[in-house]
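The next block holds one structure in the form of C-alpha cells; read it before the comments.
Values quoted throughout were computed directly from the atomic coordinates according to the rules given, and no laboratory measurement underlies them. What you see is a predicted model; the values in this text were computed from it and never measured. So basically every Cβ, Gly included, is an ideal-geometry build from the backbone, and we count neighbours across all protein chains shown.
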Amino acid sequence: MTTEATPVINTGQIDSAVLTEPRLIAETGVAARVAAIVAPVLIDLGFRLVRVLVSGLDGCTVQIMAERPDGTMVIEECEAVSRAISPVLDVADPIDRAYRLEISSPGLDRPLVRRSDFERHIGEIVKIELGVALEGRRRYRGNLVRVDDIAARVRIEDRPDGAADVQLLFDDMTDARLVLTDDLIAAALRRGKSFPGTAGVPPALGRRAGGTPAVPGPRPTPLFPCRDLYVRNRVMTACDQFAHQFGPDLRRISGPASA
C-alpha cells in the first residue's frame with residue numbers, strides 16, 4: 001500500500017547530534033515499543049520524540065509528543081508528522097487493540113526529558129517525580145537552579161528545616177515537567193507577540209490569517225500544543241480548543257496585542 005507523502009516545513013539544516021540527543025527519562029512497556037518505532041521516523045523528519053503515553057482514554061489513546069530541537073512545532077508540521085507515523089505504526093502493529101493516535105507538540109507545562117530541556121529552563125518552576133524516595137519523598141517541586149551531567153539541582157521551599165537545594169539524579173527520575181505559572185504564561189504571550197506564527201496560538205494571539213509566520217527566524221515555545229488526531233485512519237486536524245476558549249482571559253495577562 002502506498003501513501004501520499006506530506007512534506008514537512010523546511011526550517012533549515014539541523015545538527016544530527018542535536019536531533020539524536022538521548023532522552024534521560026523514557027517509557028516502559030508498550031509505550032517503549034511505540035517509542036522505538038517512531039523515534040527514527042521523527043529524526044528523519046527533523047523532529048525529536050518527547051514522550052509516548054498509552055492511556056485508556058476513549059478506549060485506548062496513543063499520544064506521541066514531538067518537537068523541533070528548538071522546542072517548537074507548527075500545526076502544519078504536526079499534521080505532516082501524523083501522516084508519516086500512522087502507516088509505520090499500522091505495519092509494526094505494536095498495540096494489540098484498536099486505538100486512537102494523537103500527535104501533539106509540548107505545551108507550556110512540557111515534559112523535560114533531555115539534558116538540554118533542563119538547561120533551557122533553568123530558573124523555572126519544575127515538578128519532578130522519582131522512582132525511589134529521597135529523604136522520605138518521591139515528589140519534588142521547586143526552582144530549577146542548576147544542571148550537570150548526572151543531576152538537576154532544585155531549590156525546595158517547603159522543607160521543614162527551611163528552603164534548600166536538593167540534587168535529583170536523572171537516573172532516578174520517572175517524570176519531570178515545567179509547572180504552569182502566571183509568569184510562564186505571560187512570558188510566552190510576550191514571545192508570541194514578538195514572533196507571530198507561534199504553534200497553537202489562535203489568530204488573536206499572534207498568527208496571521210492562514211497561519212503564515214509574520215517574521216522569520218527562531219520560534220518561541222508554543223503557548224498551546226498543536227495537535228493532530230488519527231482515528232481508524234481518519235485524520236482530524238485542529239488547534240487545541242483550549243486556546244480559543246481561554247485566549248481572551250490569557251491575553252489580559254500581558255495587555256493588548258501589539259500592532
For Ile122 paired with Arg137, estimate the spin-label separation in nm (one decimal), with each label point 7 Å from Cα along the Cα-to-Cβ line.
2.4
Given 0.36 nm per residue, what is the gain on full extension from Leu53 to Ile150 after removing their alpha carbon distance, in nm?
32.4 nm
Everything considered on the Cα gyration tensor (a ≥ b ≥ c; rounded for a/c under 1.5, else prolate if a/b is larger than b/c, else oblate), region 64-194 must be described as oblate
Computed from the beta carbon distance with a Förster radius of 25 Å, FRET efficiency for Asp183 and Asp70 to the nearest 0.05 stands at 0.75
Between Asp175 and Asp158, what is 0.36 nm times their sequence separation minus the Cα-Cα distance? Round to one decimal in nm.
4.1 nm
